[in-house]
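Scroll down for the structure; my scribbles are underneath it.
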Amino acid sequence: MPRLSTILAFVLLSSVGSPSLEAATRKLNLRAVLHDPLKPQADLYVPINNGSLDTLNLSLEGLSEPQEVSLTDDTLQLFSSKTIDPQKPLENLAATVKVPDSLTRAIVFIIPSGKESSPPYRMVVLNDDPKAFAKGETRVLNMTTLPLAMKAGEHAVKLPAANITNLPVVKKLDHMNRAPTEFYRAGDDANEWILFAERPMQFSLNARNLIVIYQTAGLKEPRLRTLVDTTLR
């Protein structure tokens, strides 16, 4: 599997700068998802009021409970220890990502970086504002280097590599609010698409879906992780 640091290198919300616990300039309402199939649990810490660190809320399944965190220079920082040596502030840095100044609410996906010499994780930020991510909609995070595509109900969309794609509200549903959902990867031929996953998925106007598509070492076909957000705030 290619290194995730390479997969996500072009994402605009990538790691930046040198962190500091001083002069936090802004607050962010944050929910987090740790996506690490090999190590699904981790102790991570995030700056809060006055530059102190608190345990980052994480859930084994689904999205975490929201918490207010502090950003420094519009940058979200995670640490692997609750104690930071002022002389070596980078020593326990776990991940860092730039957050657009327009965001007040965000969902962050925490992903292994695959690089021993850099912070152990990378982060991808998704706007959690209901005006930007409405009820009934779906966001698809393609974490692979492969061009993918999907069909869900009446919609067919391409899923560019290392990108987040918006899937509109699916209205063509059965009596259980389900729609046949198919996922494809590009074949060797320019016009060839190969089915790699098929399942009925439930779509509701009272929930939002998040689909993570990723690769696992030793397996050719991508894998899926689906999160359903029913916490409408």
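The values are calculated or read from the model by the stated rules, or taken from the named source; none is laboratory data. Remember, predicted model here, so these are calculated numbers, not experimental data. When we count neighbours, we look across all protein chains shown, and the Cβ atoms used for this are built from the backbone with ideal geometry, even at glycine.
General remarks:
- Residues of the stretch 41-58 that are in contact with a strand residue (DSSP E or B) (Cβ under 8 Å, 6 or more places away or on another chain), of a type outside the set (A, V, I, L, M) and either part of a loop (DSSP other than H, G, I, E, B) or not assigned by TED's automatic domain parsing to the domain that holds THR104 (or both): GLN41, ASP43, ASN57.
- When THR144 is tested against (1) surrounded by 18 or more Cβ atoms within 10 Å (Cβ to Cβ); (2) among the β-branched types (Val, Ile, Thr); (3) more than 20 Å from the chain's Cα centre (by Cα), just one condition goes unmet, and that condition is (3).
- If you filter the stretch 100-117 down to residues that are under 19 Å from the mean Cα position of the chain (by Cα) and of a type in the set (Ser, Thr, Tyr), you find that the one that is surrounded by the fewest Cβ atoms within 10 Å (Cβ to Cβ) is SER102.
- Sub-6 Å Cβ pairs linking a first residue in the stretch 64-79 that is over 15 Å from ILE107 (Cβ atoms) and of a type in the set (Val, Ile, Thr) to a second residue that is at pLDDT below 95 and part of a loop (DSSP other than H, G, I, E, B), at least 6 apart or interchain, are THR72/SER20; THR72/ALA24; THR75/GLY17, ordered by first then second residue.
- Residue list for the stretch 90-124, filter: closer than 16 Å to ARG26 by Cα, in contact (Cβ under 8 Å) with a residue 60 or more places away in the chain and not hydrophobic (A, V, I, L, M, F, W, C): THR96, LYS98, PRO100, ASP101, THR104, ARG105
- For the criterion of being in contact (Cβ under 8 Å) with a residue 12 or more places away in the chain and either buried (at least 19 other Cβ atoms within 10 Å of the Cβ) or assigned by TED's automatic domain parsing to the domain that holds SER64 (or both), MET176 fails.
- Looking only at the stretch 118-141, and only at residues there that are out of contact with any strand residue (DSSP E or B) (no Cβ under 8 Å at 6 or more places or on another chain) and within 20 Å of GLU68 (Cβ to Cβ), the one that is surrounded by the fewest Cβ atoms within 10 Å (Cβ to Cβ): LYS131
- Yes/no for VAL97 being buried (at least 17 other Cβ atoms within 10 Å of the Cβ) and aliphatic (A, V, I, L, M): yes
- Residues being acidic (Asp, Glu) and within 14 Å of THR230 (Cβ to Cβ) - total across the stretch 57-77: 2
- Looking only at the stretch 11-66, and only at residues there that are surrounded by 18 or more Cβ atoms within 10 Å (Cβ to Cβ) and in contact with a helix residue (DSSP H, G or I) (Cβ under 9 Å, 6 or more places away or on another chain), the one that is modelled with the highest pLDDT: ALA24
- Just one of the listed residues (ASN206, ASN166) is modelled with pLDDT under 95 and not β-branched (Val, Ile, Thr), namely ASN206.
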